[in-house]
Amino acid sequence: MLTYLAQEPLPVPETTAIEPPPVGAVWPILIILAAACAGVLVEAFLPKHQRWSTQVVLTLLAIVGAGAALAGYIVDAPEAGELAMYGTLAVDGPALFLWGTLLALSVGAVLLIADRSVEPGGAFVATAAIRPGTVQDRAQVQSTGMQTEVFPLTLFALGGMMIFCAANDLLTMFIALEVLSLPLYLMCGLARRRRLLSQEAAVKYFLLGAFASAFFLYGIALLYGYSGSVRLADIGAAAAGTDRSDTLLFAGLGLLVVGLLFKASVGPFHTWTPDVYQGAPTPVTAFMAACTKVAAFGGILRVLQVAFESTSWEWRGVLWGIAIISMVVGAVLGLTQTDVKRMLAYSSVAHAGFLLIGAIALTEKGLSSTLFYLLTYAFTTLAAFGVVSLVRGPDGEATHLSQWAGLAKRSPLVAGVFTFLLLAMAGVPLTSGFVGKFVVFEAALSDGMAPLVVIALVASAVAAFFYLRVIVLMYFSAPAEDGPTVTVPGAFTTAAITLGVIVTLLLGVAPAFALDWAAGGAFAIR
């Protein structure tokens, strides 16, 4: 036996070479996450008085660098898309469109976050560890310091959003969900003024977000039990051709969709939205309302079209009902609001219902129209919250509607800009909101969803009332004697609002380029 072993060498097992992942496809994400880590080091090693300027420059350079890398990749990007990072990310047409949208939006959001002229010292608390209501807390309202950790937190959240809308398997999507959510929980509690309201918003968002994450993770477990894989294409293949019981499939889908709809603030999973939008610092609210909505619906579109398109007959009716609930809740409850930020929060719930109509239409038109609607809504909302931050009273932002009475007499320019943005949200022609609703409703009609479009038109008409109510209040009501003042914005806030207004106007007058880009590719299903 020993002689035999000495003569015959043991067979060497064959090894298959693993192709290295294409790094060029994910350079935008790598740049954002690397800059976020560098921002943490800046907080650790730089003196406090140098951090703000360094963080602002680092953050904006990272976003611009990621945008340049994305533009360079798009030039030679394969038409069918490609898988990156060993198949965990699908870099395809929709992902590239969403990445470009997120990077463009984040420029405006970072400018709002960095501004220190509207609120002296910035909208963020100087020292987050101080207890609200104490002498130190009241003193730091007058200080010019700022909690600059908000900049790396913003980059981490942005990186998570980019991964989330390109994730090719559910575990990667879950990790990205946590990476984008945890920084937002912290940022919501960092308001310089109304500290208790801000911290209450952060706690509500954290607790409800934890429940939604648990639903999402349990749904992943059930879908893995059904298909033996967490990859979206494998789940879709198992759902299309297997003799297993569908109980695990639809239970997992239901739990998964709850987590996704929560993050997209779709009714009836919207209960966190008005409280968090109102309590969070307004720049963070703008960032959440714009960027998180884009990332969440990017994930919803990918999950529904890649993993569950073959079972659409079973779940489509449920999402019809959810879309109707979201539109009705957003439109009706928006009528009862007396706070501008809460009104915009319910507006976002109504718009989420409109977006869900496009997501339900599992066609090329449905996909491209939903992507375009996300682009139009996000820029309009970002600019709207920028305008809200300018109207201020002695205690900070004046968000009660009664304080906006006669605003046009105090500042015609601010009132005019806000009027234009509200009309865009209402879907008035020559604004991006009109084109966005038009293409979504057209896609839904072509897919046989005429009753849902009729309900959406009625909800749009109802929602238009509370937009017009604010316009009438600003132009046709007498201003209060002790009414708020309109702060002259600094360069950062001016640039952010101008960016949102210009995009809202251009996409309403000449939307062809964005529509063509949105229709430029399908999901990479493999």
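Quick note: the coordinates plus some simple rules give every number you see, no bench work behind them. As the structure is a computational prediction, the values presented were derived from the model and not from experiment. All Cβ positions, glycine included, derive from the backbone under ideal geometry; neighbour counts span all protein chains shown.
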Sequence-distant residues sharing a close amide H with residue 146 (under 5 Å, placed H): none
Aspartates and glutamates within cross-link reach of residue 365: Cα-Cα under 16 Å, excluding same-chain residues under 8 positions apart? 309, 442, 447, 516
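Report relative contact order for the stretch 20-518 in percent, whole number only (criteria: Cα-Cα under 8 Å, sequence separation at least 6). Before the final figure, lay out the partial values.
On the way: 868 pairs, mean separation 76.8, N = 499.
Over the stretch 20-518, the number comes to 15 percent.
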From the phi angles alone, apply the Karplus equation (6.51, -1.76, 1.60; θ = phi - 60°) to the stretch 201-207 and give each ³J(HN,Hα) in whole Hz, x where the residue is Gly or Pro. 4, 5, 5, 4, 4, 5, 5
So how much slack lies between residue 53 and residue 218, counting 0.36 nm per residue of separation and subtracting their Cα-Cα distance, in nm? 55.1 nm
Per residue, how big is the convex hull around the C-alpha atoms of the chain? Give it to me in cubic angstrom, could you? 175 Å³
Alpha-carbon centroid distance for the pair the stretch 274-296 / the stretch 302-347, whole angstrom: 17 Å
Kindly state, to the nearest 0.05, the FRET efficiency for residue 171 paired with residue 461, given R0 = 45 Å and r defined as their beta-carbon distance. 0.55
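Work out the FRET efficiency for residue 335 and residue 477 from their Cβ-Cβ distance, taking R0 = 25 Å, and round it to the nearest 0.05. Each step should come with its number before you reach the end.
Working: r = 18 Å, r/R0 = 0.71.
The value I calculate is 0.90.
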What is the Cα centroid distance between the stretch 380-424 and the stretch 101-153, reported in whole angstrom? 20 Å
What is the set of long-range amide H partners of residue 192 at a cut-off below 5 Å, with H atoms built 1.01 Å from backbone N? 124, 125
Calculated FRET efficiency, residue 400 and residue 309, Cβ-Cβ r, R0 51 Å, to nearest 0.05? 0.65
Theoretical gain in end-to-end length, residue 494 to residue 80 [0.36 nm per residue, Cα-Cα removed]: 145.1 nm
Taking Cα atoms, the helix 364-388 axis meets the longest principal axis of the chain at an angle in degrees (rounded to 10) of 30 degrees
The chain: longest stretch without exposed GluC sites (Glu not before Pro) (DSSP loop, at most 12 other Cβ within 10 Å), sites themselves excluded? 80-480
Which distance in nm do the two modelled labels at residue 430 and residue 316 give, with both placed 7 Å along the Cα-to-Cβ direction? 3.9 nm
Which aspartates and glutamates, on any chain, are close to residue 263 with Cα under 19 Å apart, when same-chain ones fewer than 8 places away are left out? 169, 178, 200, 275
